[in-house]
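Q: First the structure, then my questions, so here it is.
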Amino acid sequence: MRRLRLRTKMILAIGLPILILGIAGTLYARLMLASISEDELDRRMLSIARDLDVDATDAVLTNDLFALYRAFTAHMAADPDVRYVVLLDQQGASRLSTFGPLVPEGLRAANAASPGVPYSFATLETSEGRVRDLAYVLQQGQPGVVRIGLAMRRLEARVGSLTANLFGLTAATLGVGLLVSYVVATVLTRPLARLADVARAIGRGEAPDHRALHDHPDVGVLTIEFDRMTERLREKETERSWLLAKVITAQEDERQRIARELHDNVGQALTSLTMGLARVERTAGSTEVMSLAAGLRQEAARTLDLTRHLARDLRPSTLDDIGLAAALRAYVEEFGRQHDIDARFSAEGFDGARLGTERETALYRIAQEALTNVARHANAGHVSVVLGTRKGLAVLVIEDDGIGFDIARLLNDANAEAKLGLLGMYERAELIGGTLTIESSRDMGTAVFVESPLEPP
Amino acid sequence: MTTTRIVIADDHAVVRAGLRHILAHEPDFQLIAEAADGDEAVRLALDLRPDVVVLDIGMPGMNGLEVARALRDRAPHIHLVILTVYDDPEYFRQLVEIGVAGYVLKAAADSALVEAIRTAQHGGALVAGSLMRTLLDLYLQRAAPARPAPAPAEPPPGLTGREAEVLTLTALGYSGQQIADRLCVSVSTVETHRTHLMRKLGLKGRAELVQYAMREGYLDRDER
């Protein structure tokens with residue numbers, strides 16, 4: 001939707017001027033026509049008045065008012081706009097009028113020429129519309145004023161009709177203009193829309209072919225720079241993954257080293273201690289010494305056990321020596337004992353393939369993290385860990401019947417610790433070319449699904 | 001009195017010293033050689049042909065498992081007694097599969113070891129007490145069919161066709177969303193089917209579900 005803005009702007013840039021010019025032009029034309037027509041009207045009236053001026057003088061001389069009256073009506077007949085002709089004497093009384101004996105009230109006073117002015121025009125509002133009134137002071141001899149009224153209705157109608165036509169023309173022009181500008185704007189903004197689509201696709205992880213955009217005169221530069229930027233980002237991402245893999249490997253190596261040290265050095269010392277104490281116990285001179293030696297031997301044996309547990313937590317040797325299934329089975333059994341949860345392991349669907357140290361380690365660590373979360377947060381009575389294979393994938397599922405959690409909320413939560421564990425799981429899965437999915441609800445508990453390809457990447 | 005000729009293999013010098021001492025106490029035992037790593041152990045065993053090899057698991061190079069495999073292959077008459085810190089059932093399982101005559105924990109060394117060597121020499125076997133449970137479980141598992149049954153024609157008793165599908169897909173490790181997409185239903189429908197079928201079959205948890213599916217042959221062979 002956003003790209004309409006530019007297009008809308010382009011359309012408005014064409015539409016608005018057309019509209020403004022159209023309206024302005026129409027109004028101007030209307031005013032001009034009205035003005036010209038009114039001038040024309042006034043001139044007609046003046047011409048009639050001058051004619052009547054002569055006729056009136058003659059009529060008085062011959063005392064033939066009827067002839068004057070005939071002149072009045074003749075003018076009226078000749079010009080359909082003439083509404084009335086009235087002859088007023090010096091006192092303003094009506095001597096002759098096309099109205100007959102009754103002259104409409106107020107007409108006399110409506111327009112009067114000031115002294116010294118030969119005539120004056122006025123526009124009267126009447127029940128029939130506007131009427132242009134001329135008060136013409138007779139010049140030729142007889143004192144008096146001729147009043148002529150012209151209905152403006154026809155003129156107004158013509159002006160109105162012209163205005164309407166001009167508006168119509170404006171509208172038509174606007175319509176055509178908008179259509180053309182719409183088409184042009186769409187075509188012009190299409191490369192931008194295309195670039196936006198490309199950006200979106202890249203964001204989803206696709207790689208759409210957009211070489212054509214590179215040559216575009218306007219968007220080409222933008223596209224090229226955009227591609228450079230995505231390339232740089234990809235490189236950074238690769239670097240980051242590489243670094244992360246290195247960090248994890250370093251961590252695993254260190255754990256392995258410490259576990260070995262514990263086994264070799266500490267374990268060796270404790271073992272020899274145990275054996276030595278066993279000898280003391282056997283060859284003890286007195287029961288006192290014997291029981292003391294026995295107690296110490298048990299202490300040493302317990303310490304040895306602790307050390308071995310520690311070493312196994314750090315990095316179980318079964319993982320390297322025997323395999324993932326064995327290591328997981330042992331871990332799950334220990335987990336169940338330690339946390340008093342019904343913990344079951346199944347590798348029935350697993351055909352014993354070895355996945356390579358990195359993959360097996362990653363899966364093991366993910367299971368560890370998932371089970372840690374179960375112990376800490378899930379409040380579960382049962383947890384199942386299932387290892388299997390399917391269509392070229394190794395599949396690991398850790399499922400509990402606990403209270404579940406809101407994944408999205410946890411990922412947005414600022415609480416670093418819980419989020420770190422979760423992110424760590426996702427990262428580990430990604431680093432071995434696998435995927436991690438978590439489904440969690442209050443009713444069904446939580447299930448962590450890990451899929452990892454069997455072939456090396 | 002026949003002498004039992006023994007070779008010991010352990011990477012810890014102190015342990016070897018201790019063993020030396022223990023064996024010296026037994027008149028019918030003769031310690032003929034000591035190895036400090038797996039390769040040496042195999043070489044010595046093949047050269048000297050002892051009656052019993054006392055073998056540690058955690059050794060550099062070839063570990064005890066690999067030594068055991070090699071010796072069972074090439075000198076099967078040699079009795080193997082494992083002496084190790086690992087009471088881990090996994091190692092135990094592996095070694096039982098390979099075929100050892102004794103499994104003794106270092107923590108309980110001396111007396112148990114002597115007895116284990118004697119027992120082995122006489123064709124018997126001795127297993128550390130704490131691992132007897134594991135041994136029995138292993139035996140029971142072996143009695144059950146290991147191979148998956150061929151795919152049955154009908155769905156499990158009492159389940160609808162849909163429930164049977166959900167059973168198979170769940171056993172294969174598909175997520176709720178994946179199953180929903182495949183069957184063109186909603187995730188909550190899948191969950192309902194799952195709850196029903198678990199109840200009908202009396203299964204508690206996914207592990208049991210997989211075991212059941214495997215046993216009854218409901219893991220679709222084409223998928224795997």
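The values are calculated or read from the model by the stated rules, or taken from the named source; none is laboratory data. Remember, it's a predicted structure, so these values are computed and weren't measured experimentally. Every residue, glycine as well, gets a Cβ built from its backbone with ideal geometry; the counts of neighbours run over all protein chains shown. Only protein heavy atoms, including side chains, enter the accessible area calculation; ligands, DNA and RNA are left aside. Shrake-Rupley method; radii C 1.70, N 1.55, O 1.52, S 1.80 Å.
Q: Any idea what the dipole of segment A:14-59 comes to, in debye rounded to 20, about its Cα centre with Lys/Arg Cβ at +1 and Asp/Glu Cβ at -1?
A: With only Lys, Arg, Asp and Glu charged at Cβ, the dipole is about 440 debye.
Q: Compare each residue of segment A:314-333 in its chain alone against the assembly with all protein chains, and report those whose accessible area goes down by 30 Å² or more; 1.4 Å probe, heavy atoms.
A: Those residues are A:Ser317, A:Thr318, A:Asp321, A:Ile322, A:Arg329.
Q: Sequence gap at least 6, Cα distance under 8 Å: using those rules, report the relative contact order of segment B:34-108 to the nearest whole percent.
A: Computed over segment B:34-108, the figure is 30 percent.
Q: Size of the dipole of the protein assembly as shown about the Cα centre, Lys and Arg at +1 and Asp and Glu at -1 on the beta carbon, nothing else charged, in debye to 20?
A: My answer is approximately 1300 debye.
Q: Still on this structure, I have one more. For the interface of chains B and A, what total accessible area is buried with a 1.4 Å probe, rounded to the nearest 100 Å²?
A: Chain pair B/A: roughly 3900 Å² of buried accessible area.
Q: Rank B:Val127, B:Tyr103, B:Leu169 by how far each Cα sits towards the positive end of the charge dipole of chain B (+1 on Lys, Arg Cβ; -1 on Asp, Glu Cβ) and give me just the farthest.
A: Value computed over the given set: B:Leu169.
Q: Right, next: Based on DSSP loop calls and a cut-off of at most 15 other Cβ atoms within 10 Å, the longest stretch of chain A free of exposed GluC sites (Glu not before Pro) is what?
A: Working: sites that count: A:Glu105, A:Glu128, A:Glu206.
Free of exposed loop sites, the longest segment is A:207-457.
Q: Turning to a different aspect of this structure: Mean separation of Cα pairs under 8 Å and 6+ residues apart, divided by the residue count of segment A:230-380: what relative contact order is that in percent?
A: Here the relative contact order equals 19 percent.
Q: Same structure, new question: Under a point-charge model restricted to the Cβ atoms of Lys and Arg (+1) and Asp and Glu (-1), what is the dipole moment magnitude of segment A:212-277 relative to its Cα centre, in debye to the nearest 20?
A: 400
Q: Could you tell me which of B:Gly18, B:Thr4, B:Ala36 has its Cα farthest along the dipole of chain B towards the positive end, charges placed at Cβ (Lys, Arg +1; Asp, Glu -1), taken about the Cα centre?
A: B:Thr4
Q: Given a Förster radius of 35 Å and the C-beta distance between A:Thr283 and B:Asp73 as r, what FRET efficiency does 1/(1 + (r/R0)^6) yield to the nearest 0.05?
A: That pair, A:Thr283 with B:Asp73, gives E of 0.30.
Q: How much accessible area per residue does segment A:393-435 have, counting only protein heavy atoms and a probe of 1.4 Å, in square angstrom?
A: Values: 2160 Å² over 43 residues.
I get 50 Å² per residue for segment A:393-435.
Q: Suppose the chain between A:Ala418 and A:Gln251 were pulled fully straight at 0.36 nm per residue; how much longer would it get relative to their current alpha carbon spacing?
A: Computed gain between A:Ala418 and A:Gln251 is 58.2 nm.
Q: Also: To test your reading of the geometry: what angle, between 0 and 90 degrees and rounded to tens, separates the Cα axis of helix A:287-314 from the longest principal axis of chain A?
A: 30
Q: Hey, with R₀ at 45 Å, roughly what FRET efficiency would A:Arg130 and A:Val183 work out to, going by the Cβ-Cβ distance, to 0.05?
A: Efficiency, rounded to the nearest 0.05: 0.45.
Q: Convex hull over the Cα atoms of segment A:56-101, averaged projected area in nm²?
A: 3.4
Q: Where a ≥ b ≥ c are the square roots of the eigenvalues of the C-alpha gyration tensor, would you call segment A:148-198 rounded, which needs a/c under 1.5, or, failing that, prolate if a/b is larger than b/c, or oblate?
A: Prolate, because a/c is 1.5 or more and a/b exceeds b/c.
Q: I would also like to ask the following. Take every Cα pair under 8 Å in chain A that's 6+ residues apart, average their separations, divide by the length, and report that relative contact order as a whole percent.
A: 10
Q: Using θ = phi - 60° and the Karplus relation 6.51 cos²θ - 1.76 cosθ + 1.60, list the HN-Hα couplings for segment A:320-325 in order, rounded to whole Hz, with x at every Gly or Pro.
A: Here the 3J(HN,Hα) series is 7, 7, 10, x, 5, 4 Hz.
Q: Ok, one more. Give the share of C-alpha pairs in each 5 angstrom bin for segment A:377-457, from 0 to the last occupied bin, in whole percents, shortest bins first.
A: 3, 15, 21, 23, 20, 12, 6, 1
Q: I've got another one for you. Which of the lysines could a cross-linker bridge to A:Lys419, judged by Cα under 22 Å and excluding same-chain residues fewer than eight apart?
A: Excluding near neighbours in sequence, the set is A:Lys246.
Q: For B:Leu136 and B:Asp28, what does the FRET efficiency come to when R0 = 30 Å and r is the distance between their Cβ atoms, rounded to the nearest 0.05?
A: 0.45
Q: Additional query: Semi-axes of the equivalent ellipsoid of the protein assembly as shown: what are they in whole Å, largest first, if each equals the square root of 5 times a C-alpha gyration tensor eigenvalue?
A: For the protein assembly as shown, the ellipsoid semi-axes come out as 116, 25, 22 Å.
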